[in-house]
Structures are given as structure tokens and as C-alpha cells.
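The values are calculated or read from the model by the stated rules, or taken from the named source; none is laboratory data. Since the structure is predicted, the reported quantities are computational estimates derived from the model, not experimental observations. Every residue, glycine as well, gets a Cβ built from its backbone with ideal geometry; the counts of neighbours run over all protein chains shown. In case anyone asks, the SASA skips ligands and DNA or RNA and just uses the protein heavy atoms, side chains included. Shrake-Rupley method; radii C 1.70, N 1.55, O 1.52, S 1.80 Å.
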Amino acid sequence: MDLETSVGKTLHKNNKTLAVAESCTGGLICNRLTNVSGSSGYFLGGIVSYSNKMKEDVLGVSHRSMQKYGAVSRQVAAEMAKGMRLLAGSDIALSVTGIAGPGGGTRSKPVGLVYIGLATNNKRAVKKFIFKGSRKKIKSLAADAALRLLCVHL
């Protein structure tokens, strides 16, 4: 069984809803979730907040966090997940922010750096990953990691 089907079955069984805020994955997680028949019963929706302005204006990420830590950071991933959960009214929210490459990396934030956030009413978690590969591969690995993080939480 693939990750999105497993997530869906568990969300449905536990009567939980999910929303997703994506940046570097560009909607890949939402696409995978909606490939599962019946996903409208637990998946409320998602936002691709690719720009910093959208992260701030729509998801409520603080301008201070963006300036101090940057869009690809533990802090911003946490704020994206929290903002998405509040915006959608979901039980759980995932967020993904990172550098898919091939450009845009630095010594302190290399290509492949991804932060995945998870927020519920009483829990927040952020995991850091560094993936290797092409842009498409990094996006795919990040989506897998986000769905695995959700599986572990569920």
C-alpha cells in the first residue's frame, strides 16, 4: 500500500482531517493525497505558498521569522503548519519548505535542505532533511518524507 493510501485509511478511521501548506514541493503532496478515492472525506485542501509574501499574507508566517531565519527554516515550517491548520480548520496540517535546486543553495542552506512541519491542536513538530538528487527527485523525496512523518504521528 502506498503512503497516501495508508495516510488516508488512518485519517478516515480516526475521523481526522488534514490540510497541507507546500512550498518547494509545489502541490505534489496535495496531488498524491487526492489520487486516493474518498480523500474528500478527510483532506480539506492545501496551499502552494511559493512566495514569501504568500507565506506571510495567507498562512500568517511572521515577517520577523522570515527576516531572521529565512523561508527555509525550522521556524517558518512550524508557522506554516500552524497557519494552515488554523486557516483550514483541520485537525492536522503539514508544511514543507526547502531548496529543491539546482540553484539557490548556500553553504549554510544547501540544495536539498527541507523542513517539514506538522501541527495539531496540541502538538507541533518539525523535521529537517537534506536530500540529494535532481530537483524532481528532491521534491519527490520531500513529499514521501512528509507523508511518512504524518504516518508516524497517526
Do any strands (runs of 3 or more DSSP E) lying entirely in the stretch 48-147 carry at least 1 residues that are open to solvent by less than 20 Å² (accessible area, probe 1.4 Å), and which ones are they?
-> 92-98, 113-119
Conditions (1) at pLDDT 95 or above; (2) open to solvent by 30 Å² or more (accessible area, probe 1.4 Å): number failed by Met1 | (1)
Verdict on Val152 being among the hydrophobic types (A, V, I, L, M, F, W, C) and touching a Pro at 6+ places or on another chain (Cβ under 7 Å) | no
